[in-house]
Amino acid sequence: WNPELLEEAARIAAAEAAVTGVDWIFAPMVDICRDPRWGRVAEGAGEDPFLGAFMAEARLRGFQAKGLPGGKRIVACPKHYVAYGAAEAGKDYNTTDMSERTLRDVFLPPFYAAFAEGAGTTMSAFNDLSGVPTSANPFTLKTVLRDEWGWDGVVVSDYNSVGELVPHGIAANLKEATTKAVKAGVETDMM
């Protein structure tokens, strides 16, 4: 419960990025995780959505702070949108299966807080969400993110999450995967 420390750490990271010419960072990781077996659990704020949202705001303030060296500003990218931290058995890339209520009450609040704090980008995740891969999920990428929240930032795929639509079984090839991702709301493919 030390948001000031996290904000300061994020500002220091942003200053270091600024002096090396970096304008965009793929952080913070704001996933809620309730399974300590997940290999990325240490990157987030834990299992509580209230704490996760509070810490997401602090990190966003630090990463996108004004007054960085050279007058630069860094664009932050809250990740992994959404529910990546709920991967079954703690396995990366694994499926997630949850009700819409759990999604809204547990996994979306840190992202909403980050977007309300002014995040300029977000990263779509690898996982599927109740059978629909998050990088091709119009419910989360359009209905929630754009229509309900009115967020106007840029959605970037996680590394190869568009290509992963093929092994997820919803696309026959990379061309079809790209089409599905773009139609769902992914605007930039990290690959």
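Assorted remarks:
- The set of residues from the range 182-191 being open to solvent by 50 Å² or more (accessible area, probe 1.4 Å), at pLDDT 95 or above and either in contact with a Gly (Cβ under 8 Å, 6 or more places away or on another chain) or not in a loop (DSSP other than H, G, I, E, B) (or both) comprises Val182, Lys183, Thr188.
- Residue match in the range 55-69 (condition: in a loop (DSSP other than H, G, I, E, B), on the phi > 0 side of the Ramachandran plot, open to solvent by 10 Å² or more (accessible area, probe 1.4 Å) and at pLDDT below 95): yes
- Complete set of residues in the range 111-164 that are among the β-branched types (Val, Ile, Thr) and within 18 Å of Met98 (Cα to Cα): Val132, Thr134, Thr140, Thr143, Val144
- Some residue of the range 10-24 being buried (at least 18 other Cβ atoms within 10 Å of the Cβ) and either under 13 Å from the mean Cα position of the chain (by Cα) or under 26 Å from Ala136 (Cα atoms) (or both): no
- Just one of the numbered conditions (1) without any contact (Cβ under 8 Å) to a residue 12 or more places away in the chain; (2) assigned to a loop (DSSP other than H, G, I, E, B) is not true of Ala42: (2).
- Enumeration of residues in the range 92-108 that are touching a helix residue (DSSP H, G or I) at 6+ places or on another chain (Cβ under 8 Å) and among the hydroxyl-bearing types (Ser, Thr, Tyr): Tyr93, Thr95, Thr96
- Residue selected from the range 154-181 under the condition of a type in the set (S, T, N, Q) and within 16 Å of Ala125 (Cβ to Cβ), by the criterion modelled with the highest pLDDT: Ser157
- Filtered residues of the range 27-38 (kept if in a loop (DSSP other than H, G, I, E, B) and open to solvent by less than 70 Å² (accessible area, probe 1.4 Å)): Ala27, Pro28, Val30, Asp31, Ile32, Cys33, Asp35, Trp38
- Screening the candidates Lys175, Lys142, Lys180 for the property of being touching a Leu at 6+ places or on another chain (Cβ under 8 Å) and either within 19 Å of Asp31 (Cα to Cα) or of a type in the set (D, E, K, R) (or both) yields one hit, Lys180.
The values are calculated or read from the model by the stated rules, or taken from the named source; none is laboratory data. Computed from a predicted model, the values in this text were never measured in an experiment. Using ideal geometry, Cβ is built from the backbone for each residue, glycine included, and neighbour counts are taken over all protein chains shown. All accessible areas refer to the heavy atoms of the entire protein, side chains included, with ligands and DNA or RNA removed. Shrake-Rupley method; radii C 1.70, N 1.55, O 1.52, S 1.80 Å.
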